[in-house]
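Undergrad: Take a look at the following structure, please.
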Amino acid sequence: MITMKDIIREGHPTLRKVAEEVTFPLDDASKQTAQDMLEFVKNSQDPELAEKYDLRPGVGIAAPQIDISKRFIAVYLSEEENDGQEFSRIMFNPKIISHSAGKTALPTGEGCLSVDRKVAGIVPRAARVKIQYFDQDGQKHEERLRNYPAIVVQHEIDHLNGVLFFDRIDPDNPLALPDDVELLG
Ligand SMILES: CNC(=O)c1cccc(C)c1Nc1nc(N2CCN(c3ccccc3Cl)CC2)nc(N2CSC[C@H]2C(=O)NC)n1
Ligand code: NI
């Protein structure tokens, strides 16, 4: 199982690399790793398991965060966190194919499992995105996302491009709310 010791932290060069696309058919190692990543995110949200294995809670993780510079992510939002509908995905070669002009942000800023410090500030992201990704069988999917799932998926896709959430905070006015940004309510 993946634990915090497997997660690389700010300053590790892999976090700033552009990750490589995966090719299909996937090797078994990548399939297993992706499943372990989804399990980690779920475990991290379980108070007992998080306590037992000293896991920091998260709703998403990207392969570069466990020092695998490949383009795949895992996201898990329980129905409590996502307006009554569970959102659970493993995405290979995810990409944003279109997005709204309007932006959104988490009112309390963002955290990251690879950043061991609180960085206050608004992280503007597209409010709605149309994404394309492949599942572990190589099937192509297209999905429109909004609200929390859209924010989390953009945060994780950023990791595939060597971007960290605080890169998107306005250094001169971190807490300012830009006109075109609606806080997620
Ligand atoms: C600096 N202020 C803050 O961090 C911040 C501060 C307050 C609120 C939010 C909402 C903040 N922001 C933020 N909180 C989260 N969690 C809230 C707690 N939760 C969780 C915790 C316990 C059980 C189950 C769960 Cl679900 C896990 C997820 N996650 C992210 N991000 C940014 S997008 C990827 C995602 C991620 O997984 N990060 C590790 N941001
Ligand atoms: Ni992160």
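Any read-out appearing in this document is the output of simple, stated calculations on the displayed coordinates, not a laboratory observation. Quick caveat, the model's predicted, so the values are computed rather than measured. Neighbour counts are summed over all protein chains in view; Cβ atoms, including those assigned to glycine, are modelled from backbone coordinates with ideal geometry.
Undergrad: For residues in the stretch 65-96 being out of contact with any strand residue (DSSP E or B) (no Cβ under 8 Å at 6 or more places or on another chain) and under 19 Å from residue 115 (Cα atoms), which is surrounded by the most Cβ atoms within 10 Å (Cβ to Cβ)?
TA: 65
Undergrad: Let me ask another. Looking at (1) of a type outside the set (Asp, Glu); (2) without any contact (Cβ under 8 Å) to a residue 12 or more places away in the chain; (3) not in a loop (DSSP other than H, G, I, E, B), find the lone condition where residue 108 falls short.
TA: (3)
Undergrad: Residues 84, 58, 102: which one is within 15 Å of ligand 1 (Cβ to nearest atom) and in contact (Cβ under 8 Å) with a residue 40 or more places away in the chain?
TA: Selected residue: 58, the only one of 84, 58, 102 that is within 15 Å of ligand 1 (Cβ to nearest atom) and in contact (Cβ under 8 Å) with a residue 40 or more places away in the chain.
Undergrad: Need pairs with beta-carbon distance below 9 Å; first residue outside any loop (DSSP other than H, G, I, E, B) and within the stretch 170-184, second surrounded by 11 or more Cβ atoms within 10 Å (Cβ to Cβ) and β-branched (Val, Ile, Thr); sequence gap 6+ or separate chains.
TA: Pairs that qualify, where the first residue is outside any loop (DSSP other than H, G, I, E, B) and the partner is surrounded by 11 or more Cβ atoms within 10 Å (Cβ to Cβ) and β-branched (Val, Ile, Thr), are 181/104; 181/122; 182/104; 183/104; 183/122.
Undergrad: Considering only residues that are in a loop (DSSP other than H, G, I, E, B) and among the acidic types (Asp, Glu), which ones fall in the stretch 1-34?
TA: Across the stretch 1-34, the qualifying residues are 10, 21, 27.
Undergrad: Scan the stretch 118-160 for residues that are of a type in the set (D, E, K, R), without any contact (Cβ under 8 Å) to a residue 40 or more places away in the chain and over 19 Å from residue 88 (Cα atoms) and jot them down.
TA: Result: 118, single match.
Undergrad: Name the residues in the stretch 48-100 that are outside any strand (DSSP E or B) and either among the aliphatic types (A, V, I, L, M) or at positive phi (or both), would you?
TA: 49, 50, 54, 55, 59, 63, 66, 67, 68, 83, 84
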